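Just below is one structure, and these are the notes that go with it.
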Amino acid sequence: MTLAALVPHTQAPLHGAGEPSDWVRRWSHLAKPRGRLLDIACGYGRHMAWFATLGCETMGIDRSAEAIAVAGQYGTCLQADIENGPWPLMQAGVPQPFDVVVVTNYLWRSLLPTIVQSVAPGGLLLYETFACGNETVGKPSRPDFLLQPAELLQTCQGLHVVAYENGFLPQPERFVQRIAAMAPTIDPGENREPVRHPLSLK
C-alpha cells in the first residue's frame, strides 16, 4: 500500500506526506547500510518509508497522533511535543545516537544542538527547511521558522559538510537551506586516509 493511500484525505498539504524530498533521496547513499534512522517531526512518514526501502531501522517523532498512526507503518514512532517538553530520546544524559538523522520543513532553534548531537560518529545529517526570503512567496513567513543566511552551516560546524545549498526553488515556490553533513568518527587516527564521501552514485 502506498503512503498516499494511507494518508487521510484533505485539501491542505500534509507534513511528511507525499514523495521523499529530492535532497534526501540525492544524499541517502551516504547513509550507513541498514543503519538506524531518526526522522524528527516525521509527519506521515515519507522519509521513514524511503529509508525503510533501503533496509534501515526507522524511528520517527511527531506530536500528531494522527500522523504517527500512519508513519508507524514504516517503523517505530514516538508521539512527543519536543518543543514544550524534554527531548524524549536520552541515553546516559545525552541524546541517543542514530546513524541517520533527517529533518525537513521544520525548525525549532533550541533543538538544533540536540539534533546535531543525535548524529552518531560517522553518521549522516540531512536537513532541509525554509529560509529567509520565503516570506515573499508564502508560508511559513515568521522569522522564527525561517533559517537565516548560513545558519545551517553554523549549526553543523562540528560536522563534515558534504553538500550545502541556500536558494530558491520554483515548484512550489520556496526559499530553502539544505545540508548533508557527516559526523566525525570517534578516533580518526593521525595517518588515516580521509573518508571519501561520494558526491554521486554514478
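The values are calculated or read from the model by the stated rules, or taken from the named source; none is laboratory data. Predicted model only: the values in this text are computed from it and were never measured. Glycine gets a Cβ as well: all are built from the backbone with ideal geometry, and neighbour counts include every protein chain shown.
Scanning the stretch 153-166 for residues that are farther than 19 Å from residue 197 by Cα and not in a strand (DSSP E or B) yields a count of 2.
One residue stands out in the stretch 121-152 among those that are part of a helix (DSSP H, G or I) and free of Cβ contacts under 8 Å to residues at least 40 places away in the same chain: the one that is surrounded by the most Cβ atoms within 10 Å (Cβ to Cβ), namely 152. Annotation note: of 70, 94, 100, the sole residue that is touching a residue at least 60 places away in the same chain (Cβ under 8 Å) and over 12 Å from the mean Cα position of the chain (by Cα) is 70. Note on the stretch 134-190: residues that are closer than 16 Å to residue 119 by Cβ, at pLDDT 95 or above and of a type in the set (A, V, I, L, M, F, W, C) total 12.
From the list 92, 131, the lone residue that is at pLDDT below 95, over 18 Å from residue 32 (Cα atoms) and among the hydrophobic types (A, V, I, L, M, F, W, C) is 92. Restricting the search to helices (runs of 4 or more DSSP H) fully inside the stretch 17-103 and requiring at least 2 residues that are out of contact with any Pro (no Cβ under 9 Å at 6 or more places or on another chain) and among the basic types (Lys, Arg) gives 22-27.
Residues that are in contact with a strand residue (DSSP E or B) (Cβ under 6 Å, 6 or more places away or on another chain), over 25 Å from residue 174 (Cβ atoms), buried (at least 18 other Cβ atoms within 10 Å of the Cβ) and of a type in the set (Gly, Ala, Ser): does the stretch 110-120 have at least one? Yes, that holds for at least one residue.
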